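All remarks here apply to the structure that follows.
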Amino acid sequence: MNKIKPFILTVVFLAVAVAVAVGQGTVKGALFDDANGEAVPFANVVLEGTTYGAATDINGFFLINKVPEGNYTLRVRYVGYEEYTEPITIKRGQVITRSIKLKAASQMLEAVVITDNRAEERRIQTQVSVEKISASQIQQMPSIGGQADLAQYLQVLPGISSTGDQGGQLYVRGGSMIQNLTLLDGMIVYNPFHSIGLYSIFETDIILNADIYTGGFGAEYGGRLSSVMDITTRDGNKKRHSGKVGLNTFGASLILEGPLMTEKNKSKTTITYLLSAKNSFLSKSWDLLYAPLYTDLPNGLPFDFTDIYGKLTLNSGYGSKMSLFGFRFDDQVLGYQAIADYHWRNYGAGTNFMLVTGASAILEGSVAYSKYKINLDDASGDNKYSSIGGFNATMAVTNFLGKNRLKVGMSMEGYETDYEFVNQYGQRTTQNEPTNDIAAFATYKLMLGRWIVEPGLRLMYYSTLNDFNFEPRLSAKFNTTDKLRFKFAGGMYSQIFLDARSDNDIVNLFTGFLTSSGSLEHPATFLGQKVTSTIQKAQHLVAGAEYDFTPHLTANAELYFKNFDNLFNSNRNKMYSRMSDAEYGPNGRYPKPEYYMTDFIVERGMAYGLDFSLRYDVERLYLWATYSLGRVQRTEEKEGYPDNTHVYSPHYDRRHTVNLLATYALGNQRQWELSARWTYGSGFPYTQTQGVYQNILFGSLAEDYANANGDFGVHYAELNEGRLPSYHRLDIGAKRKFSFGKRSLLEINLSITNLYSRENIFYFNRITFQRVNQLPILACFGANFSF
């Protein structure tokens, strides 16, 4: 009898569990904007008077399951929209599906809705070291260069350091540029910025949402050590054909969108298109508009680029959808200040989909191919070239388990690098090699009263190297009160990409892509330990707090620490190539130290700091202030001796960063908007020039060195012991909107970059001792017409 009791209890427990499950129902569906049919992400969907609820995902989808049978009121609230309510009755085992269209709210209701959204956000999201950015937030920036851009907004975020007007140079909490992962609709983009730092490759008005993770990101992301930028574009207008045309003194833009198939009768299925194009003609408009005012810039600003993006989307209207997309981004600079000609090109195509399966799960996936190329031709006479191209694919299933959810998936990447670089000693480094990896991941979101806990695990297998990595992740938030929240995140990360830049350049214009696949030479040992893997690794730890002083004033502070292991850096001291067997020295040793012959050196490092932000948002006024205090260090073996280490600051170590942003709307219809942004960054490190000399290459003992013409030689000081001048700049902007009926809008804008014409350094050539500054005071006038 004693053995039968546990069995009977187990059967009774299972029977009760099944009865409870059968007696429960599910509410699922999708939210759309009533005006254009676009998805409404991150809205709050609740069953009023209960604790059952959910936030819509990036596609506007929501699912609330394990709801007891009964009568409820479904309520939807989101900033900028009228509240939606609907009485529903949930029966045993029933699945209720809704396609809900939200109507724009009057401005009088926005304050109430904002408060409600913040309360829900605190309750169900951890949001550690992440900023969720929409197009409307980006447009609160001064429209520098004729339009607000994601590149300008990223420079305001705490924890991000920028070189300013020099595009493609963003550093996130101690990570190098190549340690940042950028995704566009699930596709990897290797360089998301243009040569002029005012622009990214992403057209602002087609962005639905951008998630910017500065550290501690979850297990669904991998392959990078520092940060993630995950951008999702809109699907296109489902109601009518529409567009936007922009023209300013820097360039022009065009957006076209609309339905190829609209909703019919009871069918909610639609097919939409979205096309965008952006072009810079600054190199041509400079001669006409700016050259007479800037005689000290005889070569003008030859920054030219062209961006094209297209997307087709099939949407069921209830959450399931599929998209096809493609892009091409070209960038070219010819003879800027007689320094260099350089250009880069991105292109790619892919597809992504989401399938709502049953009452408690969704299936998501993406497959894409992209390629990036960069060329640099400078005064050295040695062309520098790098390209990387390949595919990435992801498949994931999310299971909704009441208030909790489980997400499991797999991802694959395959790419090929082609690289050629000649350093200051004339040593050439090349790589042409395929690489691939595969990963499996799982995350579980657990709601425990005031606690929100999200453990995760990513298993990375670099098949080319036969190297397996175990990467646990964890984030958590504790809602202490309605106003105060504490949060935490941490994890382990790995990366195979290498940054192939030269640390001897005072400001660098070239960054190549390499992989640590084993073909490039590196030291056999580091700090007395054998180097057994070429996978770079990092560990993140983030802790912070959020506090709402009022419903409209919020402060956020985060402390972070990143530890970097097994880093590989370009060997700036490579002076010799490997010798053939016939040239070995006595006892089989090389006559030159290995330290001067390997392509890369091994390092370790750390980054730590504090990020603080204060945000005030009420009706017409928006204020945002951020401050970052950071420190980045690297440790290397000095001249290859393990007992002689050297600790230095990499070129992106910035101690202090301050950003102030203000926007104010004027007029009865808020048709006027004034904005200003001031930014400050302490100086980046650089290696000073200790001296110069004539380097005579003795071809033979009979060389007439007294009359020989040698090369120009540079004797460098200690690595990065100097500091460049601090960077600061004030930008202002003004907009005026004119309405023409319900659907047409004309916006006139004026912006001024670098209002007090601060001379911020752009480039310094240590050979010619030529300094080139970044943008001087520069005004831009433009207009945008929406229809």
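The values are calculated or read from the model by the stated rules, or taken from the named source; none is laboratory data. Since this is a predicted model, take the numbers as computed values, not measurements. Counting neighbours? That spans all protein chains shown, and the Cβs are built from the backbone with ideal geometry, glycine included. Ligands, DNA and RNA are stripped out before the accessible areas are found, and what is left, the full protein with its side chains, is counted by its heavy atoms. Shrake-Rupley method; radii C 1.70, N 1.55, O 1.52, S 1.80 Å.
Yes/no matrix, rows are residues, columns are (1) open to solvent by 10 Å² or more (accessible area, probe 1.4 Å); (2) of a type in the set (Lys, Arg):
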site	(1), (2)
Asn265	yes, no
Thr269	yes, no
Lys284	yes, yes
Leu293	yes, no
Asp304	yes, no
Gly317	no, no
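For the range 695-787, please list each of the strands (runs of 3 or more DSSP E) lying entirely inside it that holds at least 2 residues being of a type outside the set (Gly, Ala, Ser), at pLDDT below 85 and open to solvent by 60 Å² or more (accessible area, probe 1.4 Å). If you could, list the steps in order and put the result at the bottom.
Working: elements: 711-716, 727-740, 744-753, 761-765, 770-773, 778-786.
Answer list for the range 695-787: 711-716, 770-773.
With the requirement that a residue be more than 13 Å from the chain's Cα centre (by Cα), part of a helix (DSSP H, G or I) and among the small types (Gly, Ala, Ser), what does the range 140-161 give you?
Across the range 140-161, the qualifying residues are Gly145, Gly146.
Restricting the range 354-390 to residues that are of a type in the set (Phe, Trp, Tyr) and either in a loop (DSSP other than H, G, I, E, B) or at pLDDT below 95 (or both), which is least open to solvent (accessible area, probe 1.4 Å)?
Ranking the candidates gives Tyr372 first.
Please go through the range 397-447 and give me each residue that is under 30 Å from Asn695 (Cβ atoms) and open to solvent by less than 60 Å² (accessible area, probe 1.4 Å), ordered by number.
Once the filter is applied, which keeps residues that are under 30 Å from Asn695 (Cβ atoms) and open to solvent by less than 60 Å² (accessible area, probe 1.4 Å), the range 397-447 yields Tyr419, Phe421, Val422, Asn423, Gly426, Gln427, Thr429, Gln431.
What are the pairs with Cβ atoms under 8 angstrom where one residue, in the range 196-208, is within 20 Å of His343 (Cβ to Cβ) and the other, located anywhere, is acidic (Asp, Glu) and at pLDDT below 85? Sequence gap at least six, or different chains.
Pairs found: Ile196/Asp165; Gly197/Asp165; Leu198/Asp165.
Limited to the range 169-194, what total is found for residues that are farther than 25 Å from Met412 by Cα and surrounded by fewer than 23 Cβ atoms within 10 Å (Cβ to Cβ)?
Total meeting the criteria: 1.
Looking at (1) at pLDDT below 85; (2) buried (at least 18 other Cβ atoms within 10 Å of the Cβ); (3) of a type in the set (Asp, Glu), which one does Glu521 not meet, given that it meets all the others?
(2)
Can you pull out every residue in the range 209-241 that is in contact with a Ser or Thr (Cβ under 8 Å, 6 or more places away or on another chain), more than 18 Å from Gly258 (Cα to Cα) and in a loop (DSSP other than H, G, I, E, B)?
Of everything in the range 209-241, those that are in contact with a Ser or Thr (Cβ under 8 Å, 6 or more places away or on another chain), more than 18 Å from Gly258 (Cα to Cα) and in a loop (DSSP other than H, G, I, E, B) turn out to be Thr214, Gly215, Gly216, Phe217, Gly218, Ala219, Glu220, Gly222, Gly223, Leu225, Ser226.
Go over the candidates Val632, Val692 one by one and state the one that is open to solvent by less than 70 Å² (accessible area, probe 1.4 Å) and either of a type in the set (A, V, I, L, M) or closer than 30 Å to Asn563 by Cβ (or both).
Just a single option satisfies the conditions, and that option is Val632.
Among the numbered conditions (1) in a strand (DSSP E or B); (2) modelled with pLDDT under 95; (3) not aliphatic (A, V, I, L, M), tell me where Gln424 comes up short.
The failed condition is (1).
Between a first residue in the range 81-92 that is closer than 13 Å to Asp33 by Cα and a second residue that is assigned to a loop (DSSP other than H, G, I, E, B) and open to solvent by 70 Å² or more (accessible area, probe 1.4 Å), which pairs have beta carbons less than 9 Å apart while being 6 or more apart in sequence or on different chains?
Tyr81/Lys103; Glu82/Lys103; Tyr84/Lys103
Where residues in the range 232-262 are out of contact with any Gly (no Cβ under 9 Å at 6 or more places or on another chain) and either touching a residue at least 60 places away in the same chain (Cβ under 8 Å) or closer than 26 Å to Leu750 by Cβ (or both), which of them is least open to solvent (accessible area, probe 1.4 Å)?
Of everything passing the filter in the range 232-262, Thr233 is least open to solvent (accessible area, probe 1.4 Å).
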